[in-house]
Number of protein chains: 2
Amino acid sequence: MTSRDPIADAAARLLAARPTASMAEVAAAAGVSRATLFRRYPSRSALVIELSRRAVEAYTAAVEEARLEEGPAADALARLLGGLTRLAPGYGLLALQPIDEAVEADLLALAAETDDRVRRMVHRGQESGDLRVDVPAEWVLSSVTWLVVAAADGVRLGRLAAGDVERLLTMTVLDGLRRRGASAGDAAG
Amino acid sequence: MTSRDPIADAAARLLAARPTASMAEVAAAAGVSRATLFRRYPSRSALVIELSRRAVEAYTAAVEEARLEEGPAADALARLLGGLTRLAPGYGLLALQPIDEAVEADLLALAAETDDRVRRMVHRGQESGDLRVDVPAEWVLSSVTWLVVAAADGVRLGRLAAGDVERLLTMTVLDGLRRRGASAGDAAG
DNA sequence: CTCATCTGAGACATATATGTCTCATGGGGA
DNA sequence: TCCCCATGAGACATATATGTCTCAGATGAG
């Protein structure tokens, strides 16, 4: 996950994994001094807002790139998982940072449009027989979001190989959500 | 999730959902004053250690109650999910609290024995043909752990009904991890 | 070589959180 | 009714974190 701002990237990774980290620790993780961090971001709150904005943008971009309206829903879901797997190490648990409520409301509103695209993909998959109908789109959204965090955490702890997680995720999520009887590669049940 | 100590229960729930909450906020959530909280737990660190100990104990008890050595592994996994679903609201993200490294090492060692029981259940399920063999036990452990957190989070946010989550989890996790061709209730593929 | 820009280090002020202590109050048991 | 225990509230001290500022040094461009 790359961005134009290595300080923001390092900060996001640290705060995603360690929500209670101080600004001194964030600066150290970013390889700069506290003074430089504060030159770039005037407060911890400003930093968290910026990182949260980037997280929502990255999520929206990943959903865009997954082209959820194209092809079988299962394939679209696989593409989505690929994109989100790349985001999770840097953004996964950032939502745990305290943030101004008005800003949070704005960000949630932005993310809501993107969430809706995912829901619509789930619904069309259920209508086409591609995805199981006994699972609400809400659960698909939640489980996908948290499983990419699980994958990132497993890699961070050295329990999973980074090269394996996308395949594992895709396999297990698809088999958990696909309609019974459908298999990988099938377009019909 | 009930315990003999309502202060500890409330503290665990708050810190699981909001890792950056202060002791004042913990006290408020527990319905006691800061003075009383400090009478019961001499420091934030002491509180976090106690809550972490309880989390590991509860995890161990849930794995014990799931009787992972009995019956088909898929059934054992379903029982485990049921037990862990009840734990997640109170303990899910508690691991994000900073804790003394020596204490953490002790707790990890305790949890490791319980983790091994889960791994053994996965292995015997793979040997018996009950669970898919292309997914490492590590991923089973990770995904189960984080999906129960996802379920708890979904309920907390009002997106999922508490009564539904165990069924949704069990269905989707089992279908994601079961060997291809096996179905609910089957003992053979 | 000079100058502008950026940075790190550390001092300092402020804010917040933690932890301690004291006193008044309330509840329950004898 | 009395006494003991537990509690809340708030004051206070200490620690930690945040945020600001200044100065020296390094780097790169002209």
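The values are calculated or read from the model by the stated rules, or taken from the named source; none is laboratory data. If you're wondering where the values come from, they're calculated on a predicted model, not measured in any experiment. Here the Cβ positions follow ideal geometry from the backbone for every residue, glycine too, while neighbour counts run over all protein chains shown. Surface accessibility is based on the protein's heavy atoms, side chains included, excluding ligands, DNA and RNA. Shrake-Rupley method; radii C 1.70, N 1.55, O 1.52, S 1.80 Å.
Overview of values
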| quantity | calculated |
| --- | --- |
| Residue within the stretch B:89-103 that is touching a Phe, Trp or Tyr at 6+ places or on another chain (Cβ under 9 Å), farther than 30 Å from B:Arg179 by Cβ and not hydrophobic (A, V, I, L, M, F, W, C) present | yes |
| Any hit, the stretch A:50-61, residues being more than 14 Å from chain B (Cβ to nearest Cβ), open to solvent by 50 Å² or more (accessible area, probe 1.4 Å) and within 11 Å of DNA strand D (Cβ to nearest atom) | no |
| Hits in the stretch A:106-160 (condition: more than 11 Å from every other protein chain (Cβ to nearest Cβ), among the basic types (Lys, Arg) and open to solvent by less than 30 Å² (accessible area, probe 1.4 Å)) | none |
| B:Ala8 within 23 Å of B:Leu108 (Cβ to Cβ) and away from DNA strand D (no atom under 14 Å from the Cβ) | no |
| Test set (1) more than 10 Å from chain B (Cβ to nearest Cβ); (2) under 30 Å from B:Thr20 (Cβ atoms) - A:Thr170 fails condition number | (2) |
| Those residues of the stretch A:36-49 which are under 23 Å from A:Val149 (Cβ atoms), open to solvent by 30 Å² or more (accessible area, probe 1.4 Å) and within 14 Å of another protein chain (Cβ to nearest Cβ), in sequence order | A:Arg44 |
| Candidate set from the stretch A:15-35 (those that are open to solvent by less than 40 Å² (accessible area, probe 1.4 Å) and either within 12 Å of DNA strand D (Cβ to nearest atom) or of a type in the set (Val, Ile, Thr) (or both)); member that is farthest from B:Leu96 (Cα to Cα) | A:Ala27 |
| Test: B:Leu84 is of a type in the set (A, V, I, L, M, F, W, C), more than 15 Å from the chain's Cα centre (by Cα) and crowded, with 20+ Cβ neighbours inside 10 Å | no |
